[in-house]
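J.: Could you have a look at this structure, given as structure tokens, before my questions?
The values are calculated or read from the model by the stated rules, or taken from the named source; none is laboratory data. These figures come from a predicted structure and were not determined experimentally. Cβ placement follows ideal geometry from the backbone for every residue including glycine, while neighbour counts extend to all protein chains displayed.
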Amino acid sequence: MDQTYKTTKVTKETYEQAIPPSALSKYRTITDAIYVARSLEIRYLWIDALCIIQDDPEDVIRELAMMRSIYEGAYLTITAGCTLSSQDSFLDSAIPEAEHPDIQMRFCCQDGAEGSLFLQSQEQYDSKPADDPISARGWTLQEELLSSCILHFGPYSVLWRCATIIETDRGSGEPRYVKADERQSLDLASLQQLTPRTVKLRWIEIVQNYSRRRLSVPSDKLPALASIADLFSQVLPSRYLAGVWAADLHTQLLWYKDAPQPRPSYYIAPSWSWASSEGEVSYSGKYPVYVVSRLELLDCVVELESEKLPFGAVRSARMRAKGRVRRIGWSRSWRGLDSGFFFHFRPDWEDPDDIFNATNLIPDCTEDKKLLEQGTPEIWVLEVTTELSELSSGQIICLSHGLALLPAEGCFRRIGRFSHS
């Protein structure tokens, strides 16, 4: 996004006195936000590009560490749902009502009086249409989840959302009250009311949502989620391991990507983390009838980019774990599915009772897929869980899930996830 108006070391002193109107004249999103704040008689307005010195790494880290408190403490958060860049106006970008008119129907009341019903499409009334540009940005998830009150300017309507009601300027005049299980925002009190299992599942859902979003800078993947991880740290008595919580390790290691993409050319996260590769994340074993962890975490060392941002970017990480591991004989046979590639392999032994007798493997990225297609000779599999799951037919089946590994300089590197039934 074009942000030539942003605060830098050069402009900081000038901006502290006053921001020249000419500096913002092209950036309608910013001037619109100022107009809305003044109209609501709100004195202070936080805009990341102006309130953070963009070319000062220390200031960026210091402010990122405070983002949770900034969103939680804000009177309201203004979201520009219908803009593609900071030069677009969210006040002038709404689709004209003439292009999406209500459907008017005659209605006869019980007393014989006639009136009218006006029907709106669900898309126009949704609290946040899925195709809003803002819903595709990685950094905006934290404002969506951590803000207690949101004033959302969408393509069809202006929407107010808080913990108790959702109301739009195209509504019936009666606000829609939000049930506890419908709340989109997160706060410490609501998380504390959840069971530990539900908290862990909520984190998984957030990661899945986040993985569908775009980041203009791939290395922001962990920093852009840091404020949400900060909140979860208050209810998960556990270490945060580059996007994965140690308390739920056996579930959160079992991510996979149906459509593997190229691995980033530079280090973002350890291979065990979903953040290490691009693409939408899915998980195995989220809702089993019964699950047994086969993995014991012995030690994990995570070197952070900055100790001031404990849930942010990492420089390196290494995990030591204990579990059942086998070297397998690799078969180059594979079949492609619409959702990705599932590789079939058989271990070196022929014991029909062994859990690794026939298994499917999904590679983490395109480089790993090519490696497997070439018939890599030395692959190891590490069992993570054994579980009982119920099919839609009601049948109970036994499944085993784990990681496929390659030796790499005194350790192993994850290259995929396997499942066996």
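J.: Which residue out of 415, 379 is over 27 Å from the mean Cα position of the chain (by Cα), under 20 Å from residue 256 (Cβ atoms) and either of a type in the set (Val, Ile, Thr) or loosely packed, with under 11 Cβ neighbours inside 10 Å (or both)?
T.: Among 415, 379, only 379 is over 27 Å from the mean Cα position of the chain (by Cα), under 20 Å from residue 256 (Cβ atoms) and either of a type in the set (Val, Ile, Thr) or loosely packed, with under 11 Cβ neighbours inside 10 Å (or both).
J.: While we're here: Are there any pairs with C-beta distances below 7 angstrom linking a residue in segment 19-39 that is charged (D, E, K, R) to a residue that is modelled with pLDDT under 95 and not in a helix (DSSP H, G or I), with the two at least 6 apart or on different chains, and if so which?
T.: Close Cβ pairs satisfying both conditions: 26/87; 28/87; 28/88; 28/89; 32/89; 32/90; 32/91.
J.: Which condition breaks for residue 83 when tested against (1) crowded, with 19+ Cβ neighbours inside 10 Å; (2) over 21 Å from the mean Cα position of the chain (by Cα)?
T.: Among (1) crowded, with 19+ Cβ neighbours inside 10 Å; (2) over 21 Å from the mean Cα position of the chain (by Cα), residue 83 violates only (2).
J.: Before we move on, is residue 210 surrounded by 12 or more Cβ atoms within 10 Å (Cβ to Cβ) and at pLDDT 95 or above?
T.: Judged against the criteria, residue 210 is a match.
J.: If you don't mind, there's one more thing I want to ask. Looking at (1) under 32 Å from the mean Cα position of the chain (by Cα); (2) at pLDDT 95 or above; (3) over 18 Å from residue 152 (Cβ atoms), which is the one condition that is false for residue 41?
T.: (1)
J.: So which residues in segment 237-248 are among the acidic types (Asp, Glu) and crowded, with 20+ Cβ neighbours inside 10 Å, if there are any at all?
T.: none
J.: Restricting to segment 1-18, give me the number of residues that are in contact (Cβ under 8 Å) with a residue 40 or more places away in the chain and out of contact with any helix residue (DSSP H, G or I) (no Cβ under 8 Å at 6 or more places or on another chain).
T.: Count: 5.
J.: Also: Would you mind telling me which numbered condition in (1) touching a strand residue (DSSP E or B) at 6+ places or on another chain (Cβ under 8 Å); (2) modelled with pLDDT of 85 or more residue 118 fails?
T.: That leaves (2) as the condition not met.
J.: Which one of the conditions (1) within 23 Å of residue 221 (Cβ to Cβ); (2) modelled with pLDDT under 85 does residue 79 fail to meet, given that it meets all the rest?
T.: All conditions are met except number (2).
J.: Just give me the residues in segment 145-177 being closer than 15 Å to residue 80 by Cβ and either modelled with pLDDT under 75 or crowded, with 21+ Cβ neighbours inside 10 Å (or both), in sequence order.
T.: Scanning segment 145-177 gives 147, 150, 152, 153, 154, 156, 157, 159, 161.
J.: Could you check, for segment 318-340, whether at least one of its residues is surrounded by 12 or more Cβ atoms within 10 Å (Cβ to Cβ), in contact with a Cys (Cβ under 7 Å, 6 or more places away or on another chain) and at pLDDT 90 or above?
T.: yes
J.: Next question. Going by what's in this entry, would residue 354 be described as of a type in the set (Asp, Glu) and at pLDDT below 90?
T.: Yes: the conditions hold for residue 354.
J.: Further question on the same structure: So in segment 55-77, with the set limited to residues that are surrounded by 17 or more Cβ atoms within 10 Å (Cβ to Cβ) and either of a type in the set (S, T, N, Q) or within 20 Å of the chain's Cα centre (by Cα) (or both), which one is nearest to residue 29 (Cα to Cα)?
T.: 77
J.: Now a separate question. Restricting the search to segment 389-409, which residues are closer than 20 Å to residue 249 by Cβ and either of a type in the set (A, V, I, L, M) or outside any strand (DSSP E or B) (or both)?
T.: Answer for segment 389-409, where residues must be closer than 20 Å to residue 249 by Cβ and either of a type in the set (A, V, I, L, M) or outside any strand (DSSP E or B) (or both): 399, 403, 404, 405.
J.: Further, regarding this structure: Among the residues of segment 213-236, how many are within 11 Å of the chain's Cα centre (by Cα) and loosely packed, with under 15 Cβ neighbours inside 10 Å?
T.: Matching residues across segment 213-236 total 1.
J.: Here's something else I'd like to know. Consider residue 371 carefully, then state whether it is touching an Asp or Glu at 6+ places or on another chain (Cβ under 7 Å) and either in a strand (DSSP E or B) or at pLDDT 75 or above (or both).
T.: In short, no.
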